[in-house]
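The values are calculated or read from the model by the stated rules, or taken from the named source; none is laboratory data. Small disclaimer: the values here were computed from a predicted structure and weren't measured. Don't worry about glycine lacking a Cβ; one is built from the backbone with ideal geometry, like all the others, and counts go over all protein chains shown. Quick note on the areas: whole protein, heavy atoms, side chains included, nothing else; ligands and nucleic acids left out. Shrake-Rupley method; radii C 1.70, N 1.55, O 1.52, S 1.80 Å.
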Amino acid sequence: MSNMSNPTTKLSIRGLSKTYNKTVALQPVDLEVKTGELLTLLGPSGSGKTTLLQLISGLVDVTTGNLVIDGVDQTDAPVHQRDIGVVFQSYALFPHLTVRENIAFPLQMRKVPADEIKTRVDDALAMVGLAHAGDRSPRALSGGQQQRVALARCLVYRPSVILMDEPLGALDRKLREVMQDEIKRIHRETGATIIFVTHDQEEALALSDRICLMNNGQIEQVGTPREMYEAPQSVFVADFIGVSNIFSGTVENGQLRTDAGLLPLSADAPAETCAVMIRPEDVILNGTASWALKGTVVESTYAGSETRVTIALDGDKSLIVRRPAKSEDMARGLAVTVSWDQAHARYLTK
Amino acid sequence: MSNTTSTLPAGQATAPRDKRRFSIDSIALAAPGGLFLIVLLAIPTLSLIGLSFQGMDGAFSLSIYEQMFGAKIYIDVLVNTFSIAFQATVLCLVFGYPVAYWLSRLENRPRRFAMWFVLLPFWTGALLKNFSWIVLLARNGIANSVLQSMGMEAPADLLYQRTTVIFAVAHTMMPLAIMTMLPSMLAVDRTLVPASRTLGSKPMQSFWRVFFPLSMPGATAAGLLVFVSAIGFFITPQLLGGPRDTVIGQLLIQQVTQMLNWRLAGAIATMLLAVTLIFVLLYDRVFGISSVTGGASAKLSSGPVRDFGHRVLNLIAMIATAISEAFAKVLGGYRFGWLLPTVAIITVLVLLIPVVAFIPMAFGESSFLEFPPRGLSFRWMETYLTSPVWTDATLRSFYIALACAVLTAFIAGLGGYGVARSNGKLGSIAFMGFMLPMIVPNIVIAVSLAYFFANIGLLATDIGIILGHTVVSLPVVFIIVLTTFKAHDWRLDQAAATLGANRFQVLRHITLPMCQGGLIAGFLFGFLHSFDELTIAMFVGGGLRQTLPKQMWDDVILSVSPTLAAASLVVLLVVTVLFVLAEVARPRA
Ligand SMILES: Nc1ncnc2c1ncn2[C@@H]1O[C@H](COP(=O)(O)OP(=O)(O)OP(=O)(O)O)[C@@H](O)[C@H]1O
Ligand SMILES: [Mg+2]
């Protein structure tokens, strides 16, 4: 049956779940990962990202469901037999081994001949730019260098799936951007399938082919960064990815009744719409639309390339607007009207 | 112009000097401890060593060493001592390691619970456990009944056997080994073994090539501590061994308490000390002494020793993997999860047997000790409570332990604070100094002090015993206090200072309240250490000032009466209560 799945599917997860004693860490989820793609698992703390990763790597036993890699059911395969590499958040470098020995470890486990080990370790070291540091102890390296060793140790045996659990979490912003580029380059060069955990949405947007957004042990939505940003399917997704203005309310004869007033709905809005979402860059101030909400400027923050204006609306609702930096200043207390093009509004049903 | 430029560097130059003065300032608090150890450890030991190199006339002479190495009996005793100590150490490591490993893998809560069962036999001391073995392993004891019910013909002679001695020494030292091994196992990053599994290693390979080498510092430190303690240990060989199992400790007792032969005692002590030092130096050479304290270094040792070690481990890993794979095939998977807990729990139960067995024995009816006891009576409790010999000894033990705890807590408290607050070279020297009484065998300290006190009139006085107990309990208390102060967040003190508190107020309102758990624990452990200490009490008490353990010792040498069990029960009770209090007070790092 699994042979029937799409040939470009690398990894297929069906109803996979995990329960610890009575706490549900992961509810049954389905997910397909395509060969060679870089998928990020994004979500708030405790949403089950690490758990899903551990289930895929086999480090914890599954409660229900199954896992198919390359058309073969691997649900119960021992960890060391899966063709998977894991980069841990804490790097998990062996402190009693040198950098070189760390990288050689997976090859020794696979009984690769010694001379081949040597050349492959050299290549891996060169790939991450650490050819000079092979005989050092991992403890004597900086955080970024340790991260590279961990990456090299994972790449050296060419696993076809690489799992990374917040690998950049411990690095400072600058180094993180450098390492993001590095990971992208390695992804391009090796063609490996990468599943990358992060709780930083900017990182997810910058890196991924696709994002899998998780919440409360469930998958909220899977899609390309553009789909996630432009077509969120739930309030949670809209709120989590990017800055958004969300008005929740109930549908009343073609309009949405919200705390901030009645909002128009376009004809194609689903009947069960429960919220309207509009991105800050799509809000029009003092426009000429047939409808508008009244508000006052609360704050205007200059941020170089743009100005962010916060506007107070009725019903304690506030709204964020992004304007080109060159546009005229908006004084605090200034009365304005806000509206938007119906085509830019997103209708959320949950 | 030139004026300003010349004052500026001078002003800068004072800044670092101020800083240095500050660190000398805090390490100066270790001075009382240093002085104490110089007077009561260094001088006594060195003068006893000096004595052994003098002839009758006071001139330099090796005659006593010629006499010692010339007599076969002394050589035999030496061989006994080292062979018993070595075999017991091996047993401690082989059985202690799985227990420590099992403990290290438990979650925090169950681990704390399980640790009680290792710590209880640790703090009940050697005496009780060995008394218990006498009863349990006696010809008509329970061990023999069990063996006979399993089909053995005649009752086996379990007592007065070399094997029994080795077993009981290992049994006595095992908790020390476990407690020494555990911290370095807990320090192993929990992601490393899973990481190695994802890199393709089989379970056995992960253990032998990743976990085991990382746990080595603790295991080797345990080996060193157990061996050093075991070569000066005499309780088990005396109580459970035959004449052919005599060890150095017994020889020393004989030479000092019966023959007052200080020169020979000095020679024996010198040799014990020399052997200990050789082992410590060897250890330092191979592993680095800092690994005793669990200090991790960023530098990897290199060279042939490391290569050889890795080769051996790889070989073991290969063999272990082959075996486990074979079994896995038979069992249809890696179903060995039960093995470790089973071995560990059985070991811990064996540790507990002699401790627990005492409780019913104290309430037996018959006029000799037996297990299981027949009938229930309080007559032995009564004998204990109404006999002045026993009550005097108990009271003396109490106030000696109290005085020792106060003194130790004071010295170790100052020293711990000083060392925690300094990170200079002086700090690590002071650290080593405070640990010395742990490395010098207790019996050497005891003999040296007895000699020293005999010269200054403190022999057979309570003060002498208090001072001696303070020397030997310093290391443990110091470590507890030091870890407490090291874990303290000193920024809080700085914050308090910026809020207007002076140094004394900071100490009173911030440092002490936050560190009080550790200090109380240190105090209680000092008390415990003194309360069941025998060696110092035996040599320094001179047979006149009987502490409770010494009274028990004399009683067991003469006759093993049920009064002894009653007394032991009291000790067990006091120890358990105090140790529970101490463990509860002690902050968790
Ligand atoms: N070993 C465990 N025992 C019990 N509960 C667990 C265990 N591991 C995880 N959980 C629970 O499962 C849920 C999901 O945890 P998980 O570690 O997968 O979250 P996460 O998305 O990785 O979060 P973070 O971003 O903080 O790493 C959490 O509520 C957590 O408390
Ligand atoms: Mg996580």
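Kindly list the number of the only condition in (1) more than 19 Å from B:Leu340 (Cα to Cα); (2) in contact with a helix residue (DSSP H, G or I) (Cβ under 9 Å, 6 or more places away or on another chain); (3) surrounded by fewer than 24 Cβ atoms within 10 Å (Cβ to Cβ) that fails for B:Thr191.
(2)
Just name the residue that is nearest to ligand 2 (Cβ to nearest atom) out of those in segment A:61-100 that are open to solvent by less than 30 Å² (accessible area, probe 1.4 Å), among the aliphatic types (A, V, I, L, M) and assigned to a loop (DSSP other than H, G, I, E, B).
Restricting to residues being open to solvent by less than 30 Å² (accessible area, probe 1.4 Å), among the aliphatic types (A, V, I, L, M) and assigned to a loop (DSSP other than H, G, I, E, B), the top hit is A:Ala92.
Taking the options B:Leu186, B:Leu199, name whichever one is facing chain A (nearest Cβ under 9 Å) and either open to solvent by 40 Å² or more (accessible area, probe 1.4 Å) or over 23 Å from B:Ala114 (Cα atoms) (or both).
None of the others qualify; the one that does is B:Leu199.
For B:Thr89, work out the one condition from (1) at positive phi; (2) modelled with pLDDT of 90 or more it doesn't fulfil.
(1)
Any residue in segment A:36-50 that is away from every other protein chain (no Cβ under 14 Å) sitting within a Cβ distance under 7 Å of a residue that is within 6 Å of ligand 1 (Cβ to nearest atom) and assigned to a strand (DSSP E or B)? List the pairs, counting only those 6 or more apart or interchain.
A:Gly48/A:Ala25
For every residue, the table says whether it meets (1) charged (D, E, K, R); (2) in contact (Cβ under 8 Å) with a residue 40 or more places away in the chain; (3) open to solvent by less than 40 Å² (accessible area, probe 1.4 Å).
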{"residue": "B:Ala100", "(1), (2), (3)": "no, yes, yes"}
{"residue": "B:Glu107", "(1), (2), (3)": "yes, no, no"}
{"residue": "B:Pro110", "(1), (2), (3)": "no, no, no"}
{"residue": "B:Ala114", "(1), (2), (3)": "no, yes, yes"}
{"residue": "B:Lys129", "(1), (2), (3)": "yes, yes, yes"}
{"residue": "B:Arg139", "(1), (2), (3)": "yes, no, no"}
{"residue": "B:Ala143", "(1), (2), (3)": "no, no, yes"}
{"residue": "B:Val146", "(1), (2), (3)": "no, no, no"}
{"residue": "B:Gly151", "(1), (2), (3)": "no, no, no"}
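For segment A:195-204: of the residues being within 16 Å of ligand 2 (Cβ to nearest atom) and of a type outside the set (Ser, Thr, Tyr), which is farthest from the other protein chains (Cβ to nearest Cβ)?
Checked segment A:195-204; the qualifying residue farthest from the other protein chains (Cβ to nearest Cβ) is A:Gln201.
Do we have B:Ile429 as more than 15 Å from B:Gly518 (Cβ to Cβ), open to solvent by 20 Å² or more (accessible area, probe 1.4 Å) and in the same structural domain as B:Ala42 (by TED's automatic domain parsing) here?
yes
Quick one: is A:Ala131 away from chain B (no Cβ under 14 Å) and under 33 Å from the mean Cα position of the chain (by Cα)? Explain how you work it out, then say what you get.
Numbers: away from chain B (no Cβ under 14 Å): yes; under 33 Å from the mean Cα position of the chain (by Cα): yes.
Yes, satisfied.
Give the residue that is nearest to B:Leu482 (Cα to Cα), with candidates limited to residues of segment B:521-537 that are open to solvent by less than 10 Å² (accessible area, probe 1.4 Å) and out of contact with any Phe, Trp or Tyr (no Cβ under 7 Å at 6 or more places or on another chain).
That would be B:Gly522.
Hey, any hits in segment A:10-31 for a residue that's assigned to a loop (DSSP other than H, G, I, E, B) and away from ligand 1 (no atom under 14 Å from the Cβ)? Working first, answer last.
In the first step, residues of segment A:10-31 are kept if they are assigned to a loop (DSSP other than H, G, I, E, B); the result is A:21-22.
Retained after the next criterion (residues that are away from ligand 1 (no atom under 14 Å from the Cβ)): none.
Checked against the condition, which is being assigned to a loop (DSSP other than H, G, I, E, B) and away from ligand 1 (no atom under 14 Å from the Cβ), segment A:10-31 yields no hits at all.
Does segment B:202-223 include one or more residues that are more than 19 Å from the chain's Cα centre (by Cα), farther than 20 Å from B:Leu128 by Cα, away from every other protein chain (no Cβ under 14 Å) and surrounded by fewer than 22 Cβ atoms within 10 Å (Cβ to Cβ)?
Scanning segment B:202-223 turns up no residue that is more than 19 Å from the chain's Cα centre (by Cα), farther than 20 Å from B:Leu128 by Cα, away from every other protein chain (no Cβ under 14 Å) and surrounded by fewer than 22 Cβ atoms within 10 Å (Cβ to Cβ).
Please go through segment B:342-362 and give me each residue that is open to solvent by less than 40 Å² (accessible area, probe 1.4 Å) and in a helix (DSSP H, G or I), ordered by number.
Across segment B:342-362, the qualifying residues are B:Ala344, B:Thr347, B:Val348, B:Leu351, B:Leu352, B:Pro354, B:Val355, B:Ala357, B:Phe358, B:Met361.
Quick one: count up the residues across segment A:159-194 that are of a type in the set (D, E, K, R) and within 16 Å of ligand 2 (Cβ to nearest atom).
The total comes to 2.
Before we move on, is A:Arg110 surrounded by 20 or more Cβ atoms within 10 Å (Cβ to Cβ), among the basic types (Lys, Arg) and within 18 Å of B:Ser201 (Cβ to Cβ)?
So A:Arg110 fails the test.
Taking strands (runs of 3 or more DSSP E) that do not extend beyond segment A:156-259, which have at least 1 residues that are basic (Lys, Arg) and open to solvent by 10 Å² or more (accessible area, probe 1.4 Å)? Step through it out loud before you land on a result.
Details: elements: A:161-165, A:193-198, A:210-215, A:218-223, A:245-252, A:255-258.
Here the list reads A:210-215, A:255-258.
Being of a type in the set (Ser, Thr, Tyr) and either open to solvent by less than 30 Å² (accessible area, probe 1.4 Å) or under 20 Å from A:Gln201 (Cβ atoms) (or both) narrows it down to one of A:Ser137, A:Ser142, so name that one.
Exactly one of A:Ser137, A:Ser142 is of a type in the set (Ser, Thr, Tyr) and either open to solvent by less than 30 Å² (accessible area, probe 1.4 Å) or under 20 Å from A:Gln201 (Cβ atoms) (or both), namely A:Ser137.
May I ask you to verify whether A:Ser47 is within 16 Å of ligand 1 (Cβ to nearest atom), at pLDDT below 90 and either buried (at least 16 other Cβ atoms within 10 Å of the Cβ) or more than 23 Å from A:Thr193 (Cα to Cα) (or both)? Outline the logic, then answer.
Numbers: within 16 Å of ligand 1 (Cβ to nearest atom): yes; at pLDDT below 90: no; either buried (at least 16 other Cβ atoms within 10 Å of the Cβ) or more than 23 Å from A:Thr193 (Cα to Cα) (or both): yes.
Taking the combined requirement at face value, the residue does not satisfy it.
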